[in-house]
Amino acid sequence: AALARVKEAFGVSTVRVWGKPPELVEQVAVAGGSGGDLIGEARLLGAQLLVTGEVRHHQAVPGFLEDFAVAEVGHFASEAVFMPGWARQLARLFDDKDLAVQVLAAAAGQAPFACL
């Protein structure tokens with residue numbers, strides 16, 4: 001159920017998974033882009049699932065973990081989903097400082113790689 005919600009939230013049809021999340025996931029860590037270096041920290045902070053854009057092979061190989069998983073949604077998808085919110089937040093920061101700066105999020109576009 002958690003992986004289905006991840007796919008829906010990030011707008012992807014598949015995720016690459018390492019490990020096995022518990023039946024009921026209560027704590028999720030999210031790292032946009034390449035978040036493999038954060039696997040250990042996510043576990044230490046109590047996450048049961050780390051959602052990130054990509055993980056290098058050697059970061060995920062040491063031991064298949066029960067009750068913890070890493071879901072790789074793709075580098076592009078892991079960042080694109082946050083752009084509109086970040087643009088709004090940045091625009092508010094400029095407004096708060098009375099700076100006339102227009103902040104626009106780029107159109108979502110698509111990942112540079114194709115899956116064939």
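Counting only DSSP beta bridges with both residues in the stretch 1-104, the antiparallel share comes to about 35 percent. Solvent-accessible area of the chain (1.4 angstrom probe, protein heavy atoms only): carbon and sulfur portion equals 57 percent. Figure legend: label point modelled 7 angstrom from the Cα of Asp67 along Cα→Cβ; residues of the stretch 1-19 with amide N under 18 Å from it are 2, 19.
Scaled to the globular estimate 2.2 N^0.38 Å, the Cα spread of the stretch 1-65, given as radius of gyration, is 1.04.
Provide the convex hull volume over Cα atoms per residue for the chain, in Å³. Let's see the in-between values first.
Values: hull volume 15.1 nm³, N = 116.
Convex hull volume per residue, Cα atoms: 130 Å³.
Quote the relative contact order of the chain in percent (integer), defining contacts as alpha-carbon pairs under 8 Å separated by 6+ residues. Please report the intermediate quantities before stating the final value.
Values: 173 pairs, mean separation 30.2, N = 116.
The value is 26 percent.
Taking the charge dipole of the chain about its Cα centre, with +1 at Lys and Arg Cβ atoms and -1 at Asp and Glu Cβ atoms, the residue from His58, Leu104, Gly36 reaching farthest to the positive side is Leu104. In the chain, the longest principal axis of the Cα atoms and the axis of helix 83-96 are about 40 degrees apart. Put a plus charge on the Cβ of each Lys and Arg, a minus charge on the Cβ of each Asp and Glu, and nothing anywhere else: the dipole of the stretch 4-116 about its Cα centre is then about 220 debye.
What accessible area per residue comes out for the stretch 17-63, rounded to a whole number of Å², with a 1.4 Å probe?
Per residue, the stretch 17-63 has 58 Å² of solvent-accessible surface.
Mind ranking 4-15, 85-96 by how tightly packed they are, going by the mean number of other C-beta atoms within 10 angstrom, highest first? Before the final figure, lay out the partial values.
Numbers: 4-15: 13.9, 85-96: 12.1.
By packing density, highest mean first, the sequence is 4-15, 85-96.
Using only alpha carbon positions, build the gyration tensor of the stretch 72-116, then give the equivalent ellipsoid semi-axes as the square roots of 5 times its eigenvalues, largest first, whole angstrom.
Rounded to whole Å, the semi-axes are 29, 10, 5.
The values are calculated or read from the model by the stated rules, or taken from the named source; none is laboratory data. Please read these numbers as outputs of a predicted model, since none were measured by experiment. Because the Cβ atoms are built from the backbone with ideal geometry, glycine has one as well, and the counts that use them run over all protein chains shown. Side chains included, ligands, DNA and RNA excluded: accessible areas come from the protein's heavy atoms. Shrake-Rupley method; radii C 1.70, N 1.55, O 1.52, S 1.80 Å.
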